[in-house]
Ligand code: ACO
């Protein structure tokens, strides 16, 4: 098995748990060999451009597509919960902090403020998750504005989830294409099986800890540059390259220096991430009428170059970054955008883990010294005073 680094008897350490099956799940099938992805049995390519993100959330949480009435009721609930409590508003002026650190702190604070925050029944978790899912875009958009010295914008209850997100970020209502594009991006980032942040959330609720603790921990895991944090580096990378013509020489240098280019490579999809072409289509659609149309061509050249040279496929973060850049998201806000979408999957896994829980507690293959003679008590540092 790839990734195995050590074994003793029939015990084997698999570095990075590569390929290890850690639980049974009925939420998502990631078919890495064929480059396919299914939510609850449905191929994402069949619905990512048509389905409303909130309907996808309901599919992930309940296992079936909502009826029109169920979807309308959920949509109403989400719209009514978008406002932020005053304690959270006080966090937003932390302009110099990493937005993901603010988001992580805000979720933890919300847990502390929720009088029912320790209740872990499925109904309580769905209610906590609905509020968090409604509030995250409000918080992310507010962070995006205060960091540019702009006043925050209150949610517009007349707008749907994606349209309102862009409205709170820019203060103007988006076009139909822009809102639809963001909706597709949110759907494609909604869930992805046992990635590092989702596994983290399952570990936390596996101890019977609460939902907010799980999401706070998941945000911490997502922040890292080997996971969601990679996306914040994609636009700076493309702008650093500068033009499609400069791509081959840039790749030469990067590979010679053994640098990892953000937005490329994946633990499971070795050749093709099915989300990338759908995100590329969004990026291309929203690139019209922008000041940086060449960004998309450059992105295409870099994708082709890396695949030809290293067979490294573009991952979910690559074209999402390009599309989000066109939609006016500041480059350092993109991991936070992922979090505001991935809350869907984290919640689905929290519900599934809780429904059939066993504490997650693996073992380590001990490599340290064994049975050493202990120094005399008088020479031990920290011995209690006589
Ligand atoms: N750029 C350059 N080379 C790469 C990249 C990359 N982005 N990704 C992998 N490689 C190379 C490695 O250097 C290694 O080469 P070698 O065999 O010559 O040493 C080979 O490909 C295999 O890499 P691994 O580290 O074994 O792959 P792993 O499964 O551990 O890593 C990961 C997957 C972490 C996603 C990796 O591809 C990476 O670091 N990508 C950049 C960060 C990124 O985009 N992360 C977002 C992932 S998607 C998400 O989390 C939302």
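The values are calculated or read from the model by the stated rules, or taken from the named source; none is laboratory data. Every value quoted in this text rests on a predicted model; they were computed, and no experiment measured them. All Cβ positions, even for glycine, are placed from backbone atoms using ideal geometry, and neighbour counts span all protein chains on display.
Quick notes
- Number of residues in segment 323-336 that are assigned to a helix (DSSP H, G or I), under 19 Å from the mean Cα position of the chain (by Cα) and over 22 Å from residue 268 (Cβ atoms) equals 7.
- Every listed requirement among (1) farther than 23 Å from residue 159 by Cα; (2) modelled with pLDDT of 95 or more; (3) in contact with a strand residue (DSSP E or B) (Cβ under 7 Å, 6 or more places away or on another chain) is met by residue 64 save one, (3).
- Lone unmet requirement of (1) within 14 Å of the ligand (Cβ to nearest atom); (2) closer than 12 Å to residue 349 by Cα for residue 222: (2)
- Evaluated against (1) assigned to a loop (DSSP other than H, G, I, E, B); (2) more than 10 Å from the ligand (Cβ to nearest atom); (3) at pLDDT 95 or above; (4) exposed (fewer than 15 other Cβ atoms within 10 Å of the Cβ), residue 190 falls short on exactly one condition, (4).
- Residues of segment 193-219 classified as within 15 Å of the ligand (Cβ to nearest atom) and either part of a helix (DSSP H, G or I) or at pLDDT below 95 (or both), total: 8
- Residue list for segment 274-289, filter: within 29 Å of residue 46 (Cβ to Cβ) and more than 19 Å from the chain's Cα centre (by Cα): 281, 284, 285, 286, 287, 288
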